[in-house]
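The values are calculated or read from the model by the stated rules, or taken from the named source; none is laboratory data. This one's a predicted model, so the numbers in the text were calculated from it and none came from an experiment. Backbone-built Cβ (ideal geometry, glycine too); neighbour counts: all protein chains shown.
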Amino acid sequence: MKSIFLDCNDQLAPVWARVVRSGDPPIDVNKMPFAREDLARVLAGYDIALDDHSYMPTELVAQCKHLKHIVFLGTGAASYMNVDELKSRGVTVHTIKGYGDTAVAEQSIALMLAAARDIARMDREVRAGIWTPQEGVQLLGKTLGVIGLGGIGREVARIAKGIGMGVIAYNRTRHADAGVALVDIDTLLVRADVVSLHLTLGDETRGFLNAERIARMKPGVILINTARGALTDEAALIAALQSGHIRHAGLDVFHAEPLKADHPLTRMPNVTLTSHAAFRTLEASMTLLRRAIDIVRRIVA
C-alpha cells in the first residue's frame, strides 16, 4: 500500500525527520501547496493519506480511486471532511487523541491571561506609539467554567486551580473521578467568570454556544475557544463582543480557516487571536507524527 503525507509544511518537516525510524513503512512527503481542486492529482495512486489540516470534501475524495485510509493529524477531522460520507465510500478516517492535551491546555490558559489583561491590545498600541495602560481582571478567586472535561479540559482545570481559580465543569457524560464540581450547562454559564470550550465537534455540539446560551453568560465574561470555531454561533459571539456582554474572547479556532484579514473579529480590540496553533509545540508534534506513522504501520500490516 502506498502512503503519502499530504500537506507537510515547513514547521512539521524537521519534526518529521526526527521521528521517522528505520523500518517504518515508506511514506512519501508532499511539501508543495496545492489548490483544493488538485486533491485527486496529489493523491493519485495512494492508498493512505496523512492529512495535517487540508480540507477533503467528499466529492473530491471520490475522485481518489485508490484512497482507502485518511490519517488525520488530530481529533477534529469532522471540521475538514464528512467522516460518515467517506466511510460509506470505503474510506476510513483515523484520528489521533491525547497527543497534545498539555499543549492545548497551556495555550488556553495563555489566552485566558492575555484576555484578562488586554496584553495583545497593549502590545499593538505600544508598537504604534500609543501609551494607554488598560485595566485588567485579576483571576485569583474567579470561577472558571470548563465545557468538556476530556484530556484537555482536565489539564486546563488543573492549571487553573494552580493559579487560585475555582473550577466548575460541564460534561455531556458524568465522570466519577472528575476532580472538579460538575454542574449543568445553565449553572456553568451563569456562574463562570471565564468560560473555556473543550468539546469535540459533531452534529450534537455544532453551534453549542448559541445566542440563547451566550445571553445566559455572566456580563463581562471572558470566553476562550481552542477547540473548534463551529462550537459557537459566530454572529451571536460577535454581537456579544460588540455589546460588551463578553468582555474579551481568546480564540485559536474559527468557522473558516485561515481567518480572512477583513473578518469582523480581526477589527475588534477585545479579541485576542491565534492561528489554530494551540497544539503546536515540538513535544506535541513529535508525539502526533510518531502516532500517525504507527497507524500507517498497523494498516499496512
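Okay, residues lined up against (1) touching a Gly at 6+ places or on another chain (Cβ under 9 Å); (2) of a type in the set (Val, Ile, Thr); (3) surrounded by fewer than 20 Cβ atoms within 10 Å (Cβ to Cβ):
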{"residue": "CYS8", "(1), (2), (3)": "no, no, no"}
{"residue": "ALA17", "(1), (2), (3)": "no, no, yes"}
{"residue": "VAL20", "(1), (2), (3)": "no, yes, yes"}
{"residue": "VAL29", "(1), (2), (3)": "no, yes, yes"}
{"residue": "MET32", "(1), (2), (3)": "no, no, yes"}
{"residue": "ALA62", "(1), (2), (3)": "no, no, yes"}
{"residue": "VAL71", "(1), (2), (3)": "no, yes, no"}
Answer yes or no: is there a residue in segment 275-290 that is out of contact with any helix residue (DSSP H, G or I) (no Cβ under 8 Å at 6 or more places or on another chain), surrounded by fewer than 20 Cβ atoms within 10 Å (Cβ to Cβ), hydrophobic (A, V, I, L, M, F, W, C) and modelled with pLDDT of 95 or more. no
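Looking at LEU139, is it more than 24 Å from SER285 (Cα to Cα), within 21 Å of the chain's Cα centre (by Cα) and either buried (at least 18 other Cβ atoms within 10 Å of the Cβ) or of a type in the set (Lys, Arg) (or both)? Show your work before the answer.
Numbers: more than 24 Å from SER285 (Cα to Cα): yes; within 21 Å of the chain's Cα centre (by Cα): no; either buried (at least 18 other Cβ atoms within 10 Å of the Cβ) or of a type in the set (Lys, Arg) (or both): yes.
No: the conditions fail for LEU139.
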If GLY45 satisfies every condition in (1) within 19 Å of ARG291 (Cα to Cα); (2) in contact (Cβ under 8 Å) with a residue 40 or more places away in the chain but one, which is the exception? (1)
In the set ALA77, ALA103, ALA116, ALA128, which member is under 28 Å from ASP294 (Cα atoms) and either touching a strand residue (DSSP E or B) at 6+ places or on another chain (Cβ under 8 Å) or surrounded by fewer than 21 Cβ atoms within 10 Å (Cβ to Cβ) (or both)? ALA77
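Let's see how each residue does on (1) crowded, with 16+ Cβ neighbours inside 10 Å; (2) at pLDDT below 95; (3) not assigned by TED's automatic domain parsing to the domain that holds VAL146:
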{"site": "ASP186", "(1), (2), (3)": "no, no, no"}
{"site": "LEU201", "(1), (2), (3)": "yes, yes, no"}
{"site": "MET217", "(1), (2), (3)": "yes, no, no"}
{"site": "VAL221", "(1), (2), (3)": "yes, no, no"}
{"site": "THR226", "(1), (2), (3)": "yes, no, no"}
{"site": "ALA235", "(1), (2), (3)": "no, no, no"}
{"site": "ILE238", "(1), (2), (3)": "yes, no, no"}
{"site": "GLN242", "(1), (2), (3)": "no, no, no"}
{"site": "ILE246", "(1), (2), (3)": "yes, no, no"}
Can you pull out every residue in segment 291-301 that is buried (at least 18 other Cβ atoms within 10 Å of the Cβ) and touching a Ser or Thr at 6+ places or on another chain (Cβ under 8 Å)? VAL296
A careful count of residues in segment 251-290 that are charged (D, E, K, R) and farther than 21 Å from TYR55 by Cα gives 4
Filtered residues of segment 116-132 (kept if of a type in the set (Val, Ile, Thr) and either in contact (Cβ under 8 Å) with a residue 12 or more places away in the chain or within 25 Å of VAL195 (Cα to Cα) (or both)): ILE119
Hits in segment 145-166 (condition: closer than 27 Å to ILE96 by Cβ and either outside any loop (DSSP other than H, G, I, E, B) or without any contact (Cβ under 8 Å) to a residue 12 or more places away in the chain (or both)): VAL146, ILE147, GLY151, ILE152, GLY153, ARG154, GLU155, VAL156, ALA157, ARG158, ILE159, ALA160
Checking the conditions here, which among PHE279, PHE254 is without any contact (Cβ under 8 Å) to a residue 60 or more places away in the chain and aromatic (Phe, Trp, Tyr)? PHE254
Meets criteria (farther than 24 Å from ASP193 by Cα and assigned by TED's automatic domain parsing to the domain that holds ALA105) for PRO269: no
Every residue from segment 1-15 that is of a type in the set (A, V, I, L, M, F, W, C), under 16 Å from PHE72 (Cβ atoms) and not in a strand (DSSP E or B): LEU6, CYS8, LEU12
